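I have placed the structure first, in the form of structure tokens, so that the comments after it can refer back to it.
The values are calculated or read from the model by the stated rules, or taken from the named source; none is laboratory data. Everything quoted here is computed from the prediction, not taken from an experiment. Cβ placement follows ideal geometry from the backbone for every residue including glycine, while neighbour counts extend to all protein chains displayed.
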Amino acid sequence: MRSPFSARPTASRLALALLLGGCASVPPSGLVFGVLGDTPYNSAEVQRLDTLIDDMNQERLDFVVHVGDIGGGRLGCSDAWLAARKRQFARLKHKFVLIPGDNEWLDCKDPPGRLAAWRALFCAPALAVEVQAGEYCEHMRWTMGGALFVTLNVPGHDNNVRNAAEHAHRMAAVLAWLDESAALAQPRGATLVVLMQANPFLTVPRDGFAALRERLAALGERMPGKVILVHGDTHVYHDDEPIAGVHRLEVWGSPIVSWLRGQIEGAELSFSAPHYR
């Protein structure tokens, strides 16, 4: 999704400590990972992303997650563009997970065909993950550092609510995967980190996110302070609690090319200020 926002954040909005407070430098035993999204949208951002990847390759990261939208306009609908992005992300020295964004399938002329093309390229990450049975190979989860990470195919725009059949079928899988993941995390006292593309808190004429918000609210009540939602879509950095018990982090996106460092030490999960290019 496009955003008219172009200003960089003020320093006061950059630090995020998500569970037990601020975090000192992470020792080698700590889990460290990277998160980015909504880039590259054009050839200029491709070059800046290459430099960002060079920077990330200097870091000790256990994995990197891109929360979706890897092409602006119709670029995300192009086989050649997606193949080039696969080669570009292969430059990362770290294990990489990509989530589909609306620009890669929902906003294209043939959404089912474009999602199939995306899956053929990106549904086999090097990271050891569990995948939901059935067609939604982009629904993954893995446990590291006392947290359970779960990816969901919830695209921006309107979550395809105008296509009632597709929306209902996919959201049934989304909610089942989220419920199952929460049922695994809660008895262990693990933090549940939910990663997806869409911003589900937008005011839109046709709301395709109501059921997901209801489910997140229920999880926030059951697991207060142990549910983290990380997403992109509107390209504006957010660090807040839009639902009681659920902490939300939205990553910056185009025209800003940046990444966030997540760190887990003990029971604490924190995110650094964004790193720009």
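If I filter region 195-235 down to residues being at positive phi and under 13 Å from the mean Cα position of the chain (by Cα), which single residue comes out as surrounded by the most Cβ atoms within 10 Å (Cβ to Cβ)?
Step one: filter region 195-235 for residues at positive phi, giving 225, 233, 235.
Remaining after also requiring under 13 Å from the mean Cα position of the chain (by Cα): 233, 235.
On the way: Asp233: 29, His235: 24.
Once the filter is applied, the top-ranked residue is Asp233.
Per-residue answers, yes or no, for (1) out of contact with any helix residue (DSSP H, G or I) (no Cβ under 8 Å at 6 or more places or on another chain); (2) among the small types (Gly, Ala, Ser):
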| residue | (1), (2) |
| --- | --- |
| Thr203 | yes, no |
| Leu212 | no, no |
| His238 | yes, no |
| Ala267 | yes, yes |
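Considering only region 149-164, how many residues are under 23 Å from Asn103 (Cα atoms) and part of a strand (DSSP E or B)? Walk me through it before giving the result.
We begin by selecting, within region 149-164, every residue under 23 Å from Asn103 (Cα atoms); these are 150-164.
Adding the requirement that they be part of a strand (DSSP E or B) leaves 150-151.
Selection size over region 149-164: 2.
For region 37-48, what are the residues that are surrounded by fewer than 24 Cβ atoms within 10 Å (Cβ to Cβ), under 20 Å from the mean Cα position of the chain (by Cα) and either under 10 Å from Gln88 (Cβ atoms) or among the hydrophobic types (A, V, I, L, M, F, W, C) (or both)?
Hit for region 37-48 is Val46, nothing else.
I'd like to check something: does region 148-162 contain any residue that is over 26 Å from Trp252 (Cβ atoms) and loosely packed, with under 15 Cβ neighbours inside 10 Å?
Step one: of region 148-162, the residues over 26 Å from Trp252 (Cβ atoms) are 161-162.
Restricting the remaining residues to those that are loosely packed, with under 15 Cβ neighbours inside 10 Å gives 162.
Yes: one or more hits.
If you scan region 46-89, which residues turn out to be in contact with a Pro (Cβ under 7 Å, 6 or more places away or on another chain) and in a helix (DSSP H, G or I)?
Scanning region 46-89 gives Val46, Leu49.
Hey, any hits in region 70-90 for a residue that's charged (D, E, K, R) and modelled with pLDDT under 95? Write out each step before concluding.
Step one: of region 70-90, the residues charged (D, E, K, R) are 74, 79, 85-87.
Adding the requirement that they be modelled with pLDDT under 95 leaves 74.
Yes, region 70-90 contains a residue that is charged (D, E, K, R) and modelled with pLDDT under 95.
Of all the strands (runs of 3 or more DSSP E) wholly in region 194-277, which have at least 3 residues that are under 24 Å from Arg170 (Cα atoms)? Spell out the reasoning first.
Details: elements: 227-231, 238-243, 246-250, 258-265, 268-271.
Where strands (runs of 3 or more DSSP E) fall fully within region 194-277 and carry at least 3 residues being under 24 Å from Arg170 (Cα atoms), they are 227-231, 246-250.
How about region 236-277: which of its residues are closer than 23 Å to Asp62 by Cα, of a type in the set (Val, Ile, Thr) and surrounded by fewer than 21 Cβ atoms within 10 Å (Cβ to Cβ)?
None; the set is empty.
Within region 91-148, track down each residue that is assigned to a helix (DSSP H, G or I), over 22 Å from Thr234 (Cβ atoms) and either within 15 Å of the chain's Cα centre (by Cα) or at pLDDT below 95 (or both).
Phe122
With the requirement that a residue be among the basic types (Lys, Arg) and loosely packed, with under 14 Cβ neighbours inside 10 Å, what does region 68-85 give you?
Matches in region 68-85: Arg74 only.
May I ask you to list the residues in region 176-193 that are in contact with a helix residue (DSSP H, G or I) (Cβ under 8 Å, 6 or more places away or on another chain) and in a strand (DSSP E or B)?
Thr191, Leu192
From the set of residues in region 86-112 that are acidic (Asp, Glu) and farther than 13 Å from Phe122 by Cβ, which is surrounded by the most Cβ atoms within 10 Å (Cβ to Cβ)?
The first filter runs over region 86-112 and keeps only residues acidic (Asp, Glu), leaving 102, 104, 107, 110.
Subset that is farther than 13 Å from Phe122 by Cβ: 102, 107, 110.
Values: Asp102: 23, Asp107: 21, Asp110: 11.
Out of the qualifying residues, it is Asp102.
Report the residue count in region 138-195 for those that are within 15 Å of Val67 (Cα to Cα) and of a type in the set (Phe, Trp, Tyr).
So the answer is 1.
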